[in-house]
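**Student:** Please read through the structure below; I'll follow up with questions.
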Amino acid sequence: MREKLVVVGQGYVGLPLAMAAVDAGFDVVGIDVDDWRVKRLNAGESYVEDIPDEQVAAAGRSGRYLASTDYADAEGFDLCVITVPTPLCEGAPDLRHIAAAGRSIAPLIRPGATVILESTTYPGTTEEYLLPLLEEGSELSAPDDFHLGYSPERIDPGNERWNLGNTPKVVSGIDERSLKRVQGFYERIVQEVVPVSSPKSAELCKLLENTFRHVNIALVNELGIFAHQLGIDVWEAIDAAATKPFGYMRFVPGPGVGGHCLPIDPSYLSWSIKRGLGHNFRFVELANDINRSMPDQVVHRVGLALNEHGKAIKGSRLLLLGLSYKKNVGDCRESPALEVAAAFAKLGARVRAADPYVRDLRLPHGVDLVEATSHELAAADAVVVLTDHDCFDYHLAEQVCTFIFDTRNR
């Protein structure tokens, strides 16, 4: 008899997991609060770049995948994985989506079932926050009656080399039996499983990974500012440093950081340390300040460059290339490009933006979405490369543009 898996959240993390589980032989119910998403999925359409329409359609035809907004369809599950968003609210973790998922799934927990949290959060969330919700709503006790664990997601949208299947998966459980159950599930999904001793260790692992990136990106962002002032090509220095085969890892500057992870996850760690120990995590706070300032740096530098051409930002026609937070994907969560666009529009520029990957995006007021045609490139007083999608014709831009400000060294 096939096991029934419920995946709560069908976004960039939950949908790939659901599809992989179907391939592994599970009966899968994908729960999502967004009715538009659910209708598209049941029609065989994907809104996640890494998951093709045909894969969703095939999963539906198999009879082993159903997308739903109704938790009643989750009844009788053997395993449930929660992959809901965990945003910040005034600098503190916002766990309302985890709470909603936990309260909704709790009455459906049967003895022997397993619940796994994948949402990025602070150490202690699984055991101190989610566990009591599940026990109260189910009237069962863990680990005696059901299993509970945590496994941080490592999805990197648009990464053609590393995907859910070949990226090592860190797993944990609140006891040995829970760990064994969680580990056994993911061993059917991924090639390599990395067990750790507790959910807190797994939760900290995820925050460490993203804080490491956040701090190093802040380092090169600030270095890029100073290198420009010193008249040094920071990109040349980075390329030269990257030839060192040990003791160095390549990070590059840009217009800021985006996505769900980097603008948010390090703040979870900083908040957790402040709450638990009463200390400030100064590295994270400094990195936050630097990376958050980068959109303003872009606007400032473009303003200075326009001034050298005898123009002001106000009234200038600007074409922004790329609105998503990273190349070749349409994910605009926390994208610094949107901040840059809004700032230019507020200063009175005539802002036009091109991004063929972005759909159904509510643009900042005063920003028009266009195609990066030869006419648009030539008509712009300045072209600003914010996201270096491969589909843009950079050779054409070099030929016809009056001025290009390239934040990605494309």
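The values are calculated or read from the model by the stated rules, or taken from the named source; none is laboratory data. Quick caveat, the model's predicted, so the values are computed rather than measured. Positions of Cβ are backbone-derived with ideal geometry, glycine not excepted, and every protein chain shown enters the neighbour counts. The accessibility values were calculated without ligands, DNA or RNA, using every heavy atom of the protein model including side chains. Shrake-Rupley method; radii C 1.70, N 1.55, O 1.52, S 1.80 Å.
**Student:** Name the pairs whose Cβ atoms lie under 7 Å apart, with the first residue in region 114-130 and under 18 Å from Asp78 (Cβ atoms), the second of a type in the set (Lys, Arg), and 6 or more positions between them or separate chains?
**Tutor:** If the second residue must be of a type in the set (Lys, Arg), the pairs left are Thr114/Arg181.
**Student:** Considering only region 282-300, state which residues are more than 29 Å from Trp271 (Cα to Cα) and surrounded by fewer than 16 Cβ atoms within 10 Å (Cβ to Cβ). Spell out how you get there, then give the answer.
**Tutor:** Restricting attention to region 282-300, the residues satisfying the condition of being more than 29 Å from Trp271 (Cα to Cα) are 299-300.
Answer for region 282-300, where residues must be more than 29 Å from Trp271 (Cα to Cα) and surrounded by fewer than 16 Cβ atoms within 10 Å (Cβ to Cβ): just His300.
**Student:** Also: Could you check region 174-188 and list, in sequence order, the residues that are crowded, with 19+ Cβ neighbours inside 10 Å and under 16 Å from Glu3 (Cα atoms)?
**Tutor:** Pass one, region 174-188, residues crowded, with 19+ Cβ neighbours inside 10 Å: 174, 178-179, 181-182, 185-186.
The answer is Arg181, Val182, Phe185, Tyr186.
**Student:** Take region 202-225 and flag every residue that is within 22 Å of Cys261 (Cα to Cα) and either open to solvent by 50 Å² or more (accessible area, probe 1.4 Å) or free of Cβ contacts under 8 Å to residues at least 12 places away in the same chain (or both).
**Tutor:** Here is the first cut: in region 202-225, the residues within 22 Å of Cys261 (Cα to Cα) are 202-222.
Passing the criteria: Leu204, Leu208, Glu209, Phe212, Arg213, Leu219, Glu222.
**Student:** Related question: Just to check your reading of the model, which residue among Gly102, Gly158 is under 20 Å from Leu79 (Cβ atoms) and small (Gly, Ala, Ser)? Outline the logic, then answer.
**Tutor:** Numbers: Gly158 fails: under 20 Å from Leu79 (Cβ atoms).
Among Gly102, Gly158, only Gly102 is under 20 Å from Leu79 (Cβ atoms) and small (Gly, Ala, Ser).
**Student:** Same structure again: Return yes when Arg64 is open to solvent by 20 Å² or more (accessible area, probe 1.4 Å) and touching a residue at least 12 places away in the same chain (Cβ under 8 Å) and no when it is not.
**Tutor:** Details: open to solvent by 20 Å² or more (accessible area, probe 1.4 Å): yes; touching a residue at least 12 places away in the same chain (Cβ under 8 Å): yes.
Taking the combined requirement at face value, the residue satisfies it.
**Student:** Among what's in region 91-140 and is within 21 Å of Phe185 (Cα to Cα) and of a type in the set (Gly, Ala, Ser), pick the residue that is most open to solvent (accessible area, probe 1.4 Å).
**Tutor:** Gly112
**Student:** Take Pro143 and decide whether it is open to solvent by 10 Å² or more (accessible area, probe 1.4 Å), over 26 Å from Leu208 (Cα atoms) and modelled with pLDDT of 95 or more.
**Tutor:** Working: open to solvent by 10 Å² or more (accessible area, probe 1.4 Å): yes; over 26 Å from Leu208 (Cα atoms): yes; modelled with pLDDT of 95 or more: yes.
For Pro143, the condition - open to solvent by 10 Å² or more (accessible area, probe 1.4 Å), over 26 Å from Leu208 (Cα atoms) and modelled with pLDDT of 95 or more - is met.
**Student:** Still on this structure: With (1) open to solvent by 20 Å² or more (accessible area, probe 1.4 Å); (2) in contact with a Lys or Arg (Cβ under 7 Å, 6 or more places away or on another chain) as the list, and Val28 as the residue in question, which single condition is left unmet?
**Tutor:** The failed condition is (1).
**Student:** So which residues in region 226-244 are closer than 16 Å to Asp406 by Cα, part of a helix (DSSP H, G or I) and open to solvent by 30 Å² or more (accessible area, probe 1.4 Å)?
**Tutor:** His228, Trp235, Glu236
**Student:** Considering each of Glu136, Glu160, Glu176, Glu153 in turn, give the residue that is at pLDDT below 95 and of a type outside the set (A, V, I, L, M). Write out each step before concluding.
**Tutor:** Values: Glu136 fails: at pLDDT below 95; Glu176 fails: at pLDDT below 95; Glu153 fails: at pLDDT below 95.
Just one listed residue meets the conditions, Glu160.
**Student:** Kindly indicate whether Arg317 is closer than 24 Å to Asp390 by Cα and more than 22 Å from the chain's Cα centre (by Cα). Can you show your working first?
**Tutor:** Details: closer than 24 Å to Asp390 by Cα: yes; more than 22 Å from the chain's Cα centre (by Cα): yes.
Yes, satisfied.
**Student:** Check Ile273, Ile290 and return the single one that is free of Cβ contacts under 8 Å to residues at least 24 places away in the same chain, β-branched (Val, Ile, Thr) and over 19 Å from Val385 (Cβ atoms).
**Tutor:** Working: Ile290 fails: free of Cβ contacts under 8 Å to residues at least 24 places away in the same chain.
Of Ile273, Ile290, the one residue that is free of Cβ contacts under 8 Å to residues at least 24 places away in the same chain, β-branched (Val, Ile, Thr) and over 19 Å from Val385 (Cβ atoms) is Ile273.
**Student:** Mind listing whichever residues of region 301-312 are of a type in the set (A, V, I, L, M, F, W, C) and surrounded by fewer than 22 Cβ atoms within 10 Å (Cβ to Cβ)? Step through it out loud before you land on a result.
**Tutor:** Applying the first criterion (of a type in the set (A, V, I, L, M, F, W, C)) to region 301-312 yields 302, 304-306, 312.
Listed by number, the residues that qualify are Leu304, Ala305, Leu306, Ala312.
**Student:** Select from region 74-90 the residues that are at pLDDT 95 or above and surrounded by 17 or more Cβ atoms within 10 Å (Cβ to Cβ) and list them in ascending order. First the steps, then the outcome.
**Tutor:** Kept after step one, since they are at pLDDT 95 or above, are these residues of region 74-90: 74-84.
Across region 74-90, the qualifying residues are Ala74, Phe77, Asp78, Leu79, Cys80, Val81, Ile82, Thr83, Val84.
**Student:** Also: Can you name the residue in region 368-405 that is acidic (Asp, Glu) and under 18 Å from Tyr325 (Cβ atoms) and, of all such residues, is farthest from the chain's Cα centre (by Cα)? Explain how you work it out, then say what you get.
**Tutor:** Our first condition is that a residue be acidic (Asp, Glu); within region 368-405, this holds for 368, 371, 376, 381, 388, 390, 393, 398.
From what is left, the residues that are under 18 Å from Tyr325 (Cβ atoms) are 388, 390.
On the way: Asp388: 17, Asp390: 20 Å.
Applying the filter and picking the extreme gives Asp390.
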